[in-house]
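Presented below is the structure to which this report refers.
The values are calculated or read from the model by the stated rules, or taken from the named source; none is laboratory data. Treat the numbers as computed from the prediction; the structure is a model and nothing was measured. When we count neighbours, we look across all protein chains shown, and the Cβ atoms used for this are built from the backbone with ideal geometry, even at glycine.
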Amino acid sequence: MIDTGRLGAAPDDPENAFDAALTRTHAWTLASDASREAKVDLAQIDRIMMMGRLAASVAHEVTESMATVVANAQAARNFLDHRPPNPDEIRQALDCIVGDAYRSSAVVERIQNLFKETPSKKQRVEINGAIRDALELTHGEVAKSRVSVLTQFAEPSPTVQADRVLLKQVILNLIINAIEAMSSMPEGSRELLICTEKAESNSALVAVRDSGPGLAPKSINHLFEAFYTTKLHGMGIGLSVCRYIVEAHGGQIWAGANEPRGAIFQFTLPNHEFSSDSSL
């Protein structure tokens, strides 16, 4: 490793001073590239861990859809045996099969998108739609944890210039963290509220509120640091990746206390027409 603090040259040697400046610049560039690559690797690790967390509930969701497909196929076959067959009943059963097949395909496709390792491609994204996609992916986890989900969306939806997969990764992290935070609360009191609004300074705001035990005041300033965790078996990657993704999109993310109890995580991103082309 190059120790940039010791690079220098005598004041009366301008040629060596110039060389030293070039060396310092090169060293800083290498350090910056290494930091960026490490954050990208962490983001991919976080994505894989997240899908491991969701795998069981997603598998259950797909299995349920397949069971419905089989049941409707058997019903259609029985309708064909009727004399005379009822075309409307057969058509209804077949429509149900097509719908369930499309739903299962959509779930699998969303999982595949989360594992993509393609270069970041920013596009116009409706925040409300990205949140709905994330809620569909976590539907099984929400149901298993008996969490009540409410949404308050700004209409029309705020739009941002973002990598849709990475934006969804941020939202998934915040939803899963909220579900886990409420696991110790009595059933019937686990509420998750997700809000969007057009904030000041030409930005879109997303707020994820839970009714869990809340955050310890001493932990709030460290939540988004890499490898800092308040969970017994946590690795401290998810929230630091969230901060990296949000800031790379020109936004901010922070946490605080929810009222009357729980925690609130919020982030802002520049609106579509005001966003910059900063690279991830």
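Observations on the model:
- Qualifying residue in the stretch 93-113 (condition: over 31 Å from the mean Cα position of the chain (by Cα), modelled with pLDDT of 80 or more and surrounded by fewer than 17 Cβ atoms within 10 Å (Cβ to Cβ)): yes
- Residue list for the stretch 159-194, filter: part of a strand (DSSP E or B) and either farther than 18 Å from residue 261 by Cβ or among the basic types (Lys, Arg) (or both): 159, 160, 161, 162
- Residue within the stretch 140-158 that is in a strand (DSSP E or B) and buried (at least 18 other Cβ atoms within 10 Å of the Cβ) present: no
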